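Before any comments, here is the structure.
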Amino acid sequence: MTFTEELMEALERQEHDTVGKAFGGTARIRKKSYSITAVRAQVVANPASLGSSSAEQAIKRASRILSKRQFRILVGDLIRYSFLIELTNLKVGSTKMKTRWLPGRILMPQENSYEPIEGTFAPGNDTRAASFDDCLRVFATACNLVCDKVEQDPSLKRTIEELDRNRRVPYEFPLSYLNPAAQPLHRPDNVAWAWTNDLRWLIPAREILRNAPGEHKPGITELVKAKIKVKVFKTDRALTGKDKTNRAKRWEVLAGDFQHATLEQCWSAERKLTGDLAAFQDFPAQIKSAFLEADLIPPDAPFTRCPVTLEPLSFRHLAASLLTRTHGVSQYQVGHLHPLKRGGEHDGANVCWQSANGNRIQGDLTIEETGALLDKIAERRSSLAAS
C-alpha cells in the first residue's frame, strides 16, 4: 500500500471503531474516542522514507525545519484540521469525530421550515464535507503554508510549543478559511493562516492563568473550564437554526447558522472576556500584576461592570459560585450585547460578562432595548411614587 492509502485506511478505521451508531451507523463502538495520536504516530514514524507525492514532500519539509516535538505537534494539528470534523449526533446530545468523506446521517435544515430532517453528511451534500483527495490537498497546502511562515519567522517554532501547552480546545492551531461561507468550504484554495493579534495576546495571557498561585488556582481552573472553554469555543444545544448542535466547535457549524463563528472570532471573544476578567473587583493582585508586567491590560482600567445592572463584577463571587455551584446556576454568565439569534456576532465586540440578574433581565433583547426598557420602568416608578 502507498503512504496515502495507509493514511486513508488508518483514518477510516478510527472512525469505524469509535462512531458506532452516532450518525446512523450500525457498528458497535470498540473505542470511546477517535485517536488522532495513533494516526499521527503512523505519519511521523519515518518521514525520510516518504515518497514524492505533494503531501509526503510537505511532511518531509516540515520534519527538516522543525524539532521532533514541534513536528509531532504540527502533524497532529494538521490531521485534525485537514481530514476530520466533529459533528453533532442525530440525538443532538453530543459530538463525535469523523472523517470528512465517509457518509453519515445528521439533522439538516429544510427550506421554509424550522423542522430539521435527517440527511446525509457527504461530499456534494454538505458544504463542510470533502473527498479524501481534497483533504489530502488541504493537508499539503496547510503544511507548506506553515513551513513558509516558520521560515519567514523562526520564532514561530517556539510559538507552536507555547500554543500546544496552553490550548483551550484539542488541536487548536492558527489555520482557518479565507472565506468561511465558501461552498464547498474545505478545499486547498480556501486554507488560511490565522496568526492574529488576538492569538498573540492570548498565548501569554493563558500562560499567566495556567500558572495562577495556589489559593486562586482552583477558581481560575474552574472558570477557564466552565466559562472560557465552553462558552467561547463551543455551541449551546440548539434545535433551531441551520445546524442542530450541542457543544460543537463554532467554526465547524454551518456558515450562516446563528451559532457559527470563525476561529479568529472565538479568539477575539476570549481576549475580550479575559481582559475584562482581569478588571473584576478583587481579582487576585498577583495575577493582575503579571498581566500588567506583560503589558496585556492598561494600568488604569475601570472595574468590569454588568452591562445591564451596572454593578461591579466580583472575581471572588464568581470563583465561589463555580467551586460550590448548583447545577444550572451560576453567579455570572457570558452574554452577548446583541443576541446571536437576533443577528449578533460571536466576537470580542459583542461578548460580555453579565450578572445572573442582568442575564435574566436582558433575555432575548439587545442591550439597547434592555436599557430602554429599564428607563421606562424607572420613569413609571418615579411617576407613580410622585402621584
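The values are calculated or read from the model by the stated rules, or taken from the named source; none is laboratory data. Everything quoted here is computed from the prediction, not taken from an experiment. Note that each Cβ is placed from the backbone with ideal geometry, even for glycine, and that neighbours are counted across all protein chains shown.
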- Message: Could you go through the stretch 233-246 and let me know if any residue there is within 17 Å of residue 345 (Cα to Cα) and hydrophobic (A, V, I, L, M, F, W, C).
- Response: yes
- Item | Options 78, 84, 74, 50; residue that is within 21 Å of residue 144 (Cα to Cα), more than 25 Å from the chain's Cα centre (by Cα) and surrounded by 13 or more Cβ atoms within 10 Å (Cβ to Cβ) | 50
- Query: (1) assigned by TED's automatic domain parsing to the domain that holds residue 89; (2) crowded, with 19+ Cβ neighbours inside 10 Å; (3) more than 19 Å from the chain's Cα centre (by Cα): which one isn't true of residue 175, the others all being true?
  - Reply: (3)
- Item | Residue among 167, 158 that alone is closer than 25 Å to residue 212 by Cα, free of Cβ contacts under 8 Å to residues at least 40 places away in the same chain, basic (Lys, Arg) and in a helix (DSSP H, G or I) | 158
- Residue list for the stretch 329-344, restricted to those being in contact with a strand residue (DSSP E or B) (Cβ under 6 Å, 6 or more places away or on another chain) and either at pLDDT below 95 or not assigned by TED's automatic domain parsing to the domain that holds residue 243 (or both): 332, 333
- Message: Only one of 290, 279 is assigned to a loop (DSSP other than H, G, I, E, B) and either aromatic (Phe, Trp, Tyr) or out of contact with any strand residue (DSSP E or B) (no Cβ under 8 Å at 6 or more places or on another chain) (or both). Can you tell me which?
- Response: 279
- If only one of 191, 253 is of a type in the set (A, V, I, L, M, F, W, C), over 30 Å from residue 331 (Cα atoms) and either out of contact with any helix residue (DSSP H, G or I) (no Cβ under 9 Å at 6 or more places or on another chain) or touching a residue at least 12 places away in the same chain (Cβ under 8 Å) (or both), which one is it? 191
- Hey, any hits in the stretch 17-28 for a residue that's in a helix (DSSP H, G or I) and closer than 29 Å to residue 147 by Cβ? no
- Identify all residues within the stretch 110-125 that are in contact (Cβ under 8 Å) with a residue 24 or more places away in the chain and in contact with a strand residue (DSSP E or B) (Cβ under 8 Å, 6 or more places away or on another chain); write none if there are none. 116, 118, 121
- Message: Restricting to the stretch 205-218, and then to whatever is crowded, with 16+ Cβ neighbours inside 10 Å and within 22 Å of the chain's Cα centre (by Cα), can you tell me which residue is nearest to residue 296 (Cα to Cα)?
- Response: 205
- Message: Looking for something more than 25 Å from residue 343 (Cα to Cα) and either in a loop (DSSP other than H, G, I, E, B) or in the same structural domain as residue 148 (by TED's automatic domain parsing) (or both) - is there at least one such residue anywhere in the stretch 213-229?
- Response: yes
- Message: Name the single residue that is surrounded by the fewest Cβ atoms within 10 Å (Cβ to Cβ) among those in the stretch 303-344 being of a type in the set (A, V, I, L, M) and part of a loop (DSSP other than H, G, I, E, B).
- Response: 329
- Message: Being exposed (fewer than 13 other Cβ atoms within 10 Å of the Cβ), part of a loop (DSSP other than H, G, I, E, B) and either not aromatic (Phe, Trp, Tyr) or not assigned by TED's automatic domain parsing to the domain that holds residue 304 (or both) narrows it down to one residue among 347, 364; which is it?
- Response: 364
- Which residues, taken from the stretch 350-361, are out of contact with any Cys (no Cβ under 8 Å at 6 or more places or on another chain) and either of a type in the set (S, T, N, Q) or not in a strand (DSSP E or B) (or both)? 350, 356, 359, 360, 361
